[in-house]
Structures are given as structure tokens and as C-alpha cells.
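Novice: Take a look at this one; I'll ask things after.
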Amino acid sequence: MSQLTLHSFTSVYGPVQSWRFGRSLGIDPIGPVSICSFNCAYCQLGEIEYRTNDRQLLIPTDQIQRELQAFDPWDVDVITLSGSGEPTLALNLGEILTMVKAMTAKPVVVLTNGTLLANPFVQQELAIADFVSVKFDAISTNQLNRVNRPLPKIDLVNLWASLLQFRQKYPGRLGIQTMMLTPWTEIEQAEYITLMAELQPDEIQLNTPTRPKPLQHHLDARGNHTATPDYPVQFLKPVQPEVLQMFADRVESSLTIPVSSPPLDR
Ligand code: SF4
């Protein structure tokens with residue numbers, strides 16, 4: 001991590017345009033070093049620099065508050081906690097959410113990989129958010145290891161059990177975000193639909209990587225970094241939009257749950 005990156009870090013960034021949430025102002029509670037319990041093969045942050053499942057105090061809440069105040073009157077559709085890794089790893093997550101809700105009436109979204117949902121404190125803190133979008137990319141251990149590359153102690157059975165438990169308790173809107181790196185087989189699609197029927201999220205977002213993956217962490221990767229950034233990247237082959245749309249249609253017609261996928265011309 002260069003001195004330049006350390007000094008240019010701001011905890012509030014954007015707004016960025018998101019096909020899922022509209023104009024979104026980002027809050028990064030993680031900091032200049034990317035930290036996550038996953039190291040997803042498609043991660044926009046590049047290879048995760050520090051992998052952990054332990055919560056820590058990373059960016060002070062008053063710093064975030066100061067930087068958020070500068071965006072008053074928040075001409076955006078949502079305020080999203082995401083940034084340089086897994087936001088539930090921030091020990092002050094609940095404090096940050098409470099502070100944001102007190103400052104603005106904008107809906108607050110948290111994007112999470114769900115690996116800390118077994119922690120009752122994390123569940124309580126997330127309950128402050130209006131919308132929690134949980135990553136669920138894998139229906140088998142092989143897929144989890146290939147796509148999300150989790151820490152060794154994370155397993156799919158526990159991830160699923162804690163997600164079901166969170167669904168029962170969470171009073172806000174629960175979304176599932178699923179990234180497809182390759183088209184899924186008939187069996188995988190049917191299994192996914194069975195799981196979603198059990199979970200009953202409020203909505204499902206199906207996605208495929210459409211932007212190149214940086215080889216190293218760059219702070220501008222938190223937002224909509226361009227298709228041709230001036231740093232080394234890896235191009236991932238996305239699933240054809242028509243294939244994604246067919247799966248989205250199948251999921252939606254099987255369940256009474258809205259399913260969205262990126263627009264075909266994206
Ligand atoms: S969970 Fe998110 S931040 Fe973590 S590695 Fe995956 S895409 Fe990157």
C-alpha cells in the first residue's frame with residue numbers, strides 16, 4: 001500500500017451508478033487495505049490483501065460522519081455500505097448505521113458476503129439497515145471454493161444455516177445477489193430454486209462479471225472503475241446476457257420473488 005493511497009483514502013465515495021440500486025453514495029468502513037473473509041475470483045478489489053473473519057475497528061465513526069456531512073443534502077437514491085471488503089468486519093458497523101440513519105432519510109443498504117451472519121451482534125446491527133443484500137454464489141462446496149475462495153474455516157452448511165436464521169429475524173428488505181462465472185447446469189439451477197424457495201428473500205439479483213478484475217487493490221475499484229483502467233487487469237468472460245436472462249426468468253416464474261439481472265445492453 002503506497003503512501004499516496006493511504007493519504008488519498010476517503011471513507012465516503014461516489015455517487016456511483018448501480019443497475020441494482022440507482023445512484024448510490026458509498027461508505028467504506030474498511031479502509032485503504034482490502035479486508036475480507038472471501039477472495040472471490042471476480043472481486044473488483046483485486047486479490048484481497050488481508051483475509052480474516054475477525055471483526056476490528058477500522059475507520060472511526062466520527063471520520064465517516066464528517067466525510068458524509070460534506071455530501072449534504074445527499075442527492076442519491078441510496079447510501080450503501082460496501083467499499084474495500086466485507087463491511088460486517090467493521091466492529092463499529094452498528095454505530096455507523098445508526099449515525100447514517102440519524103443524518104439522512106435516504107435508504108441505507110449493506111452489501112455483505114454473509115460470512116458473519118452467525119454472529120448475533122452482526123445480526124442485530126444489520127437490522128438497523130433498510131436493505132441487506134447477501135452474496136450467495138455457490139450451491140456446492142466445490143463452487144464455493146472455486147468462486148468465493150473462502151477462509152478454510154468457512155463452510156457452506158453453516159453459511160446457509162445462518163442465512164436462514166437471519167431471514168427469520170431481519171425486519172428489513174433482504175436481497176440475494178448471485179454472481180455467475182459460467183452458465184449453471186440444469187441440476188444447479190433446480191437446486192438454487194429449491195434453496196430460494198426455502199429462504200424466501202424479498203428479491204434476487206443475478207449478475208455476471210462485466211468489468212475487468214484489477215490484479216491489485218485500487219481505491220477507485222470501489223466505484224464504477226472504467227472498462228479500460230490504467231492499471232493491470234484480468235478480463236473475465238461473462239455469461240451471455242441471454243443465458244442470464246433465461247435463468248432469471250426461470251427463477252422468477254418458479255417463485256413469487258422478483259429477479260433482476262443487468263440490462264442486456266450493459
Ligand atoms: S465478498 Fe466482496 S469484497 Fe469479499 S472478495 Fe468477494 S467480491 Fe470481494
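Novice: Please go through the residue pairs K135/K169; K106/K169; K101/K135 and name each one whose alpha carbons sit more than 20 Å apart in this structure. Walk me through the numbers before you get to the answer.
Specialist: Working: K135/K169 18 Å; K106/K169 23 Å; K101/K135 23 Å.
With Cα atoms farther than 20 Å apart: K106/K169; K101/K135.
Novice: A further question on this structure: May I ask for the angle, rounded to the nearest 10°, between helix 156-169 and the longest principal axis of the chain, with both axes built from Cα atoms and the value confined to 0 to 90°?
Specialist: 70
Novice: Moving to a separate point now. Which percent of Cα pairs goes in each bin when the distances of region 1-126 are cut into 10 angstrom slices starting at zero?
Specialist: The percentages, shortest bin first, are 13, 45, 36, 6.
Novice: Stokes-Einstein diffusion coefficient for region 155-256 at 25 °C in a medium of 0.890 mPa s, Rh from the Kirkwood formula over Cα pairs: what value in µm²/s?
Specialist: Numbers: Rh = 15.9 Å.
Answer, rounded: 155 µm²/s.
Novice: If contacts are Cα pairs under 8 angstrom and at least 6 residues apart, what is the relative contact order of region 1-136 in percent?
Specialist: Values: 245 pairs, mean separation 32.4, N = 136.
Computed value for region 1-136: 24 percent relative contact order.
Novice: Follow-up. If we count every other residue with Cβ under 9 angstrom of Q216's Cβ, Lys/Arg +1 and Asp/Glu -1, where does the sum land? Each step should come with its number before you reach the end.
Specialist: Details: positive: none; negative: E47, E49.
Local charge sum for Q216: -2.
Novice: In addition: In debye to the nearest 20, how big a dipole does the chain give about its Cα centre with +1 on each Lys and Arg Cβ and -1 on each Asp and Glu Cβ? List each step's numbers first, then the result.
Specialist: Working: 20 positive and 27 negative charges, 50 e Å.
For the chain, the charge dipole is close to 240 debye.
Novice: Next question, about the same structure. Treat every Asp and Glu Cβ in region 56-124 as -1 and every Lys and Arg Cβ as +1, leave all other atoms uncharged, and give the resulting dipole magnitude about the Cα centre to the nearest 20 debye. Can you show the working numbers first?
Specialist: Details: 3 positive and 7 negative charges, 30 e Å.
Computed about the Cα centre, the dipole is about 140 debye.
Novice: Oh, and also: Step by step: find N for the chain, compute 2.2 N^0.38 Å, then divide the Cα radius of gyration by it. What's the final number? Mind dumping the intermediate values first?
Specialist: Details: Rg = 17.6 Å, N = 266, 2.2 N^0.38 = 18.4 Å.
Normalised Cα radius of gyration, the chain: 0.96.
Novice: Tilt of helix 186-199 relative to the longest C-alpha principal axis of the chain, in degrees (0 to 90, nearest 10)?
Specialist: 60
Novice: Hey, can you find the accessible area per residue of the chain for me, probe 1.4 Å, expressed in square angstrom?
Specialist: Details: 12100 Å² over 266 residues.
Accessible surface, normalised per residue, equals 45 Å².
Novice: Starting from the 7 Å offset along Cα-to-Cβ, what nm value, one decimal, do you get for the label separation of D54 and E203?
Specialist: Using points 7 Å along Cα→Cβ, the separation is 3.8 nm.
Novice: Taking the 0 to 90 degree range and rounding to the nearest ten, how far is the long axis of helix 93-103 tilted relative to the main principal axis of the chain, both from C-alpha atoms?
Specialist: 70
Novice: Treat region 97-211 as a sphere of radius equal to its Kirkwood radius over Cα pairs and apply Stokes-Einstein at 25 °C in a medium of 0.890 mPa s; give the translational diffusion coefficient in µm²/s, rounded to a whole number. Mind dumping the intermediate values first?
Specialist: Numbers: Rh = 15.0 Å.
Translational diffusion coefficient: 163 µm²/s.
Novice: Per the Debye formula with a single identical scatterer at each Cα and no solvent contribution, what log10 I(q)/I(0) holds for region 57-153 at q = 0.23 Å⁻¹?
Specialist: Treating every Cα as an identical point scatterer, log10 I(q)/I(0) equals -1.24.
Novice: To the nearest 20 debye, what is the magnitude of the charge dipole of region 187-257 about its Cα centre, counting +1 on the Cβ of each Lys and Arg and -1 on the Cβ of each Asp and Glu? Before the final figure, lay out each step's value.
Specialist: Values: 5 positive and 10 negative charges, 81 e Å.
So the dipole magnitude of region 187-257 works out to roughly 380 debye.
Novice: I would also like to ask the following. Give the distance, in whole Å, between the Cα centre of region 102-121 and the Cα centre of region 81-101.
Specialist: 7
Novice: In whole percent, how big is the carbon plus sulfur part of the accessible area of region 111-170, probe 1.4 Å, protein atoms only?
Specialist: Values: 1500 of 2650 Å².
The C+S portion of the solvent-accessible surface of region 111-170 is 57 percent.
The values are calculated or read from the model by the stated rules, or taken from the named source; none is laboratory data. Just so you know, these numbers come straight off a predicted model, no measurement behind them. Here Cβ is always computed from backbone atoms with ideal geometry, including for glycine, and neighbour counts include all displayed protein chains. The area values use the complete protein model at the heavy-atom level, side chains included, leaving out ligands, DNA and RNA. Shrake-Rupley method; radii C 1.70, N 1.55, O 1.52, S 1.80 Å.
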